[in-house]
Structures are given as C-alpha cells and as structure tokens.
C-alpha cells in the first residue's frame, strides 16, 4: 500500500565540520520519500519553483517515487541555510526562504485521498489539517512538527494531535509541547493529547517510543562518521511509515520493527551530505545494517534469577 | 568469586535542579560496592579520616561489604563538591579536597592479592599500577579514569592500559584519550592500546562497548526522574564487574549481560541523591527492572527480506 507524504522539497545550504554544500536537494518530503521507497510505494505532495532542476526531478523519478502531486510554480524553490555545531548536536538556521512554498495549498489527487497511509511532514498545523480534511478514511496518519509551530500555532497543533495516530518529534520539541522535562513523562503527556504512538527522536541517543502497550527504546546505530545530520528525522519517518504501510497495520510488533528500520535508514542519511548516501543506498545495504543493528543490540542474556 | 575495588570513599556536596545535599556519603568505591554486592562479594580498599561516621561504616557492614581493607587515618575524609546543569548533562566540580586520600598508598591483604577480579576506580594511574603490582594473577582487571589523568598522567595511563582487560570511561574522556571525535573510532583506538573491552559511558545515550567480538550498544533505561547523576558510572562498573565475577568469565555473552545489568543498576542510582536509592535497592527491584529493560528494548522483529 502506498504512503502519501506532504512536506517540503527544497534546496539546502549546510555547513558541518566536514565542509559546506550549497543549494543541494533537500526538504522533509525528499528525505522521507527516499527512505520510504524501500518499503512501499511513495507519493509526494509538494511544491517547487521554476528553478527546480530536471536532474533533481529525475532523482525521484528514477526511484519510482510518484511526483504527480508535485506542483510547479513561477518563482524560486524553498531554501534553507543552516550550520551545525562541531559535535553535530546543535544546529542554527541561518536563513529560511519559503519562496513558492509560502503560497502552497496542497491538493491531493483522488487516489491520494483514498490512501490508507499519510505522513504530514513538518509544515504548519493549519496546512496539515487542510491536507487531512481531504483524506477519505486513512488507517494511519503520522505527523512531524517543530518548535516554531509549538510556540506560535499551539491551538492548531493541539487540534491536529487528536486526529493523528503517530507523532514524531525531537526531544526539545517533546519537552516544549508537554511542559515536561523528563522524556518519559513528556511522551506520556503527548500520548494523552491524541496520538497513540509518540516517537521522540533523540539524535545520538536513539528513539524513545511511547505507545499504547508501553515504551520502546532503540539506540542510534553507531556510525563511524557523522557528516551531516540533516534529514535523519525525515529518513527515520520515511522508513517507519513505509514499513507500516508495507505490513498494513500498526501493532506493537510493527511499531518496534518500524522504529528499528527507521534507525537503520537514518544512520545512512547522516553519513553523507544532503542525500548523498540515501541516493546511492540499496536494499542490500539496509538489510546488512539491519542485521548488524540486531547483532550489536542483542544482549542474548536470559533473565538471571539466582542472587 | 569476590571483586576487589580500590577507589575513594568520601563525602559529597551536590546540587542539582532537584535540590542540594551536604556532606553525604559518596566516592567511587562506595557506589561500586553498593552495586556489585548484588552479584558477588565485594572487598573495598580505600581510606577515610577520623570524621568518618559509624553510621556510614554500618551502611557497608549491613550489606556484607568487606571493609577489612578500609584504612582509617587521622584527618578529614575525601570531599567533593559539584553542581549539575539543569539538563543534568554537565557538571562542574566546585571543590575537591583530597584530605587523607592524598597520602593513600593502598595495601592489599593477602586474600585480596589472590583475587581473580579487580576494579581500579578513578584514582591516579600511578596508584592503579601500584595496586595492580600487588596482584598475584587476576583474571579480569577493570579500570576507570578521568580527563585529569588523561591530560596530566598520560604516559602512566598508557602503560596501565596494556595491563588491564576492561576500561570504562565516558564519551568525552574516550575522545580525549584517543584523539578521535567519533566514538566508534575512539573505542577501537583505545582497544588497540591494551584493554580488550572498552566501555564508553554516554549518559542518557547509554553505553557503547567495543570488544574483541565487535560492538554492543545498550540504551540507558529511561527513568521518570533523574534526581542526581552522581555515581551512575561507578554503579554501572560495580554491577558489570560483579556480574563478571559471579559468572567467572569474560565472554561476549557475559560482556553484554553485564552491561545490561550495569545500565539497570545505574538507572536506580540516578533516581535519588547520593546513595539514597542504591541503599534501599533490593534484588527484586533489579530483577523487575531487568525484565522491564528487556521488554522495552525487545524489537521482536525477525529479519524482513522481501523488498
């Protein structure tokens, strides 16, 4: 079953201690789609400007990512400029140019409206609700958000939370949304706001999932070179939702397996600038690292009962 | 089989966002012993001053922790004052008074010298080597260290590393010792310096173990209230070494199971100030959280091979 993702496609300028890349393809929908496509067909709803390059279009098309929902407009494509701290744990947005995205009112195609799986990437809660209103009867709706919407569009976000199944957000956002410093408490508080599954993305500390059957913790896969963390969260979301769509249900087992695949695919995303590593990724790479992930997290030990 | 630990017993003054405690029992050997005792007999080699309280002595004795190696001297007991940042991820040492510890030359009793399991807590590499020289033929020697020794006693530390089996250190120390920013590379570089097992303690990101059979990653157990992180690393080390001593060998399976118990016991240590939680801990508490740890880290999923 196919996953519909609504988000940004844009050009990123990113600096990390490994270097600088200028105006390279990025955006939440891009990272999501390039990860999800390994698990399920993906349909992208986004907008780009007249400067969007045919090569970048081809990057999606070559991977059978459905771009019928891509709206081309006169003007410039969304642009984002950021710099990461030396330890990669903090990033500063230096410039954000919405460009054609400022006028974007996503319209889903009839078959997209009937899709069972929808991911609302990090766009305004109002736009997220506008998309959700078009859906006929989705089985699983996932969403991302950010500090900006939590601070400035809280009411809209709170209304949206009642209508979605899975919320993915990072640790600082979880604290801000819930008012709880502790992440276990934050996750539980957010789950009470609506989404049965709350996935807190903790960067190098992995993910904490709070679901209806309890918590799940998955460590980040320890890679040897973190070149650029951009897109890790969207790649996680793509693999997660793609896996859920593939399996066709959201049980505890699926939530956990989807999280592990999310961690695995995200670990590739950060090994290169921009889409560098995701674009060359093969299923064999994913499968191999998935086995490695299981191997390095397997504690074997059965319970040890004698004192 | 019993574990011998050489380290500090002291009085800590600690401030976190949950409050302040004054002159409470602490020290690396204390946290280590209170954790290790659940798995194996523990024998402490340390020094205290004439101000050491009978109640504190009793705290060890009541838990069958062997204090024959405790040296009482005229003067004041080791004291440490520190403050944690609001997110508990950074701490500042405000005052360090070695007091009687400054003159400490640990002498092992004959039965301690013949022990199979030794842990050299965070003391100078010179003192660690002095203790190790007294051992007859230990099977597993573990050690901890800190930034101060890495910077100022590097040669002594490098010599010591060739003589130990397990080095436990935190992420910043691993980076400093290896010169590698990436922790996978740091762990591998340190393993080449001597210890077959390198355990990098990453706070809320859990532990990364680099051993002769590859890596192992264990997440931190997500607790609802981190009150005081003091002693978490020593409690981890105590449970780890205690488990190794109990099982009597250091295979890959044992390394991993020991790490999981380390994470479990450390998660209790941080739930209260000082020894608050460790002092009241029961084997049932540990066993219950160990089951919870397995439950929240179990990803069930078998490999999924179709694309």
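The values are calculated or read from the model by the stated rules, or taken from the named source; none is laboratory data. Note that this is a predicted model, so its numbers are computed, not measured. So basically every Cβ, Gly included, is an ideal-geometry build from the backbone, and we count neighbours across all protein chains shown.
Scan the range B:140-159 and tell me whether some residue there is farther than 28 Å from residue B:39 by Cβ and within 14 Å of chain A (Cβ to nearest Cβ). Before you say what the answer is, go through the steps one by one.
So the first thing to find is which residues in the range B:140-159 are farther than 28 Å from residue B:39 by Cβ, and the list is B:147-148, B:150-156, B:158-159.
Cutting the leftovers down to within 14 Å of chain A (Cβ to nearest Cβ) gives us none.
No, the range B:140-159 contains no residue that is farther than 28 Å from residue B:39 by Cβ and within 14 Å of chain A (Cβ to nearest Cβ).
Just to check your reading of the model, which residue among B:126, B:151 is under 24 Å from residue B:90 (Cβ atoms) and in contact (Cβ under 8 Å) with a residue 12 or more places away in the chain?
Details: B:126 fails: under 24 Å from residue B:90 (Cβ atoms).
After ruling out the rest, the residue left standing is B:151.
Only one of (1) part of a loop (DSSP other than H, G, I, E, B); (2) touching a strand residue (DSSP E or B) at 6+ places or on another chain (Cβ under 7 Å) fails for residue A:83. Which number is that?
(1)
It is to be established whether one or more residues within the range A:12-26 are modelled with pLDDT of 95 or more, touching a helix residue (DSSP H, G or I) at 6+ places or on another chain (Cβ under 9 Å) and assigned to a loop (DSSP other than H, G, I, E, B).
Within the range A:12-26, none of the residues are modelled with pLDDT of 95 or more, touching a helix residue (DSSP H, G or I) at 6+ places or on another chain (Cβ under 9 Å) and assigned to a loop (DSSP other than H, G, I, E, B).
Is it true that some residue in the range B:8-27 is in contact (Cβ under 8 Å) with a residue 40 or more places away in the chain and under 19 Å from residue B:258 (Cβ atoms)?
Of all residues in the range B:8-27, those in contact (Cβ under 8 Å) with a residue 40 or more places away in the chain come to B:8-19, B:21, B:23-27.
Subset that is under 19 Å from residue B:258 (Cβ atoms): none.
No; the residues of the range B:8-27 include none that is in contact (Cβ under 8 Å) with a residue 40 or more places away in the chain and under 19 Å from residue B:258 (Cβ atoms).
For the range A:202-299, which helices (runs of 4 or more DSSP H) that fit wholly inside it have 3 or more residues that are at the interface with chain B (Cβ under 7 Å from one of its Cβ atoms)?
Working: elements: A:232-247, A:252-269, A:276-280, A:283-297.
Once the helices (runs of 4 or more DSSP H) in the range A:202-299 are filtered for at least 3 residues that are at the interface with chain B (Cβ under 7 Å from one of its Cβ atoms), what remains is A:252-269, A:283-297.
How many residues does the range B:9-40 hold that are under 14 Å from the mean Cα position of the chain (by Cα) and surrounded by fewer than 24 Cβ atoms within 10 Å (Cβ to Cβ)?
Of the residues in that region, 1 qualify.
Of all residues in the range B:174-190, count the ones that are more than 14 Å from chain A (Cβ to nearest Cβ) and either assigned to a helix (DSSP H, G or I) or in contact with a strand residue (DSSP E or B) (Cβ under 9 Å, 6 or more places away or on another chain) (or both).
The qualifying residues number 2.
In the range B:223-242, what residues are surrounded by fewer than 21 Cβ atoms within 10 Å (Cβ to Cβ) and closer than 27 Å to residue B:299 by Cα?
Once the filter is applied, which keeps residues that are surrounded by fewer than 21 Cβ atoms within 10 Å (Cβ to Cβ) and closer than 27 Å to residue B:299 by Cα, the range B:223-242 yields B:223, B:224, B:225.
Please go through the range B:134-167 and pick out each residue that is out of contact with any helix residue (DSSP H, G or I) (no Cβ under 7 Å at 6 or more places or on another chain) and under 19 Å from residue B:8 (Cα atoms).
Hit for the range B:134-167 is B:148, nothing else.
Do you know which residues across the range B:41-68 are surrounded by fewer than 20 Cβ atoms within 10 Å (Cβ to Cβ), closer than 19 Å to residue B:111 by Cα and in contact with a helix residue (DSSP H, G or I) (Cβ under 7 Å, 6 or more places away or on another chain)?
Passing the criteria: only B:67.
Please indicate, with yes or no, whether at least one residue in the range A:88-108 is within 14 Å of another protein chain (Cβ to nearest Cβ), more than 19 Å from the chain's Cα centre (by Cα), touching a residue at least 24 places away in the same chain (Cβ under 8 Å) and not in a helix (DSSP H, G or I).
No, there is no match, as no residue in the range A:88-108 is within 14 Å of another protein chain (Cβ to nearest Cβ), more than 19 Å from the chain's Cα centre (by Cα), touching a residue at least 24 places away in the same chain (Cβ under 8 Å) and not in a helix (DSSP H, G or I).
Only one of these is out of contact with any strand residue (DSSP E or B) (no Cβ under 6 Å at 6 or more places or on another chain), free of Cβ contacts under 8 Å to residues at least 40 places away in the same chain, under 20 Å from residue A:119 (Cα atoms) and crowded, with 24+ Cβ neighbours inside 10 Å: A:266, A:258. Name it.
The unique qualifying residue is A:258.
Taking the conditions exactly as written (more than 10 Å from every other protein chain (Cβ to nearest Cβ) and assigned to a strand (DSSP E or B)), does residue B:198 satisfy them or not?
Yes.
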